[in-house]
Each structure stands twice: as C-alpha cells, then as structure tokens.
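So the structure is just underneath, and the comments pick up after that.
The values are calculated or read from the model by the stated rules, or taken from the named source; none is laboratory data. Given the structure is predicted, the values throughout are model-derived calculations rather than measurements. Don't worry about glycine lacking a Cβ; one is built from the backbone with ideal geometry, like all the others, and counts go over all protein chains shown. Keep in mind that these areas ignore ligands, DNA and RNA; they rest on the heavy atoms of the full protein, side chains included. Shrake-Rupley method; radii C 1.70, N 1.55, O 1.52, S 1.80 Å.
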Amino acid sequence: MTPEELDQKSTQDSALLPAERPDLVVIAASIAARGGVLWLPVAWLLARSGRRRTALLALRAGAVAMPLGHLLSLLIPRRRPHSNLPARRALPEHPDSSSFPSKHAMIAAAFGTAVALEDPAAALFVTPLVLLVAYSRLRTRVHWPTDVAGGLLLGVLVALGLKKR
C-alpha cells in the first residue's frame, strides 16, 4: 500500500471516531502517558505488590520502546491528521513530529506485554490502561488508526525481544 493509500484508508477509519471533545479520562490518559511517565507509578505499584521483577522488565521494555519509536518517526515521515475538531483541541500539546508510529501506543504495549509475559495476573490490571492510552491517541485525533496499530505491534515485539534474552 502506498503512503497516499494508507492516508486515505486512515482518513476513512478516523471518520468513524466521534468529533466532540473526549471524556476527561481519555484526555488524562493521553497526557499522563506522554514521555512514558504514566508507567512509572504503575511500575511502582507492581513493585510494592511484590512484583519487582515484573516492574523492572516492564520499565526496561518501555525504556527500549521510547527511543526506538522516536528513531522510527525520524525514518518514516508521515503527516498527522489535520483537524480543528473539539476532539483534537482537547490536548494541550499539538505534536508535529511524524505520526508513525504512535510512541504512546508503542511504549504502552511494550510495558503491558512485558507485564503479561512475566505475570499474567498483573496483566489483567495493566492491559485496560494500555488499551485506554492507545484509544486516547485515536480519540483525540493526533494519530491515524494505523499509527496506533503499528505502535502497539512494535511495542509487543520490543517486549518479546527483551523476554527472549
């Protein structure tokens, strides 16, 4: 698929999302996950609940995913969705970096997959947060659906690669 065809397909997919301002929970998840900060207190809670190894593996996966996501953004230039809709104006930041992959989704998926690989019971609590962060990037219209899907897939691959070591 060419980049133009991908953008056209993403535009059609994006049209399925509501245009009005998202719920505060969605906005907060997107803001809190910026730079991977959201995952620090989650890791702390995991460690405090006796899952120190899980927390460390998850933090390591997120720490690898972040710079890798930024590097891929430099190598794969893609415009972000243009929108003046209330959904898009809900976030205080207006990123202009390449849209692919969604770094929020990539870090979330790396963290969440690492948790799932190490401690499936803990993943029951972390996975909904991972999905909320990924959805927030779509719902606030800062990424195309394929950016988020790509970020999720790449994050899973990062965690799987670290687990094999």
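From ALA90, ALA110, ALA105, ALA114, grab the single residue that is in contact with a helix residue (DSSP H, G or I) (Cβ under 6 Å, 6 or more places away or on another chain), modelled with pLDDT of 95 or more and closer than 16 Å to ARG141 by Cβ.
ALA105
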Inset, instruction - Report whether or not ARG48 is touching an Asp or Glu at 6+ places or on another chain (Cβ under 7 Å) and open to solvent by 20 Å² or more (accessible area, probe 1.4 Å). - result: no
Legend entry - Given (1) closer than 18 Å to PRO95 by Cα; (2) surrounded by fewer than 24 Cβ atoms within 10 Å (Cβ to Cβ), number of the condition LEU138 does not satisfy: (2)
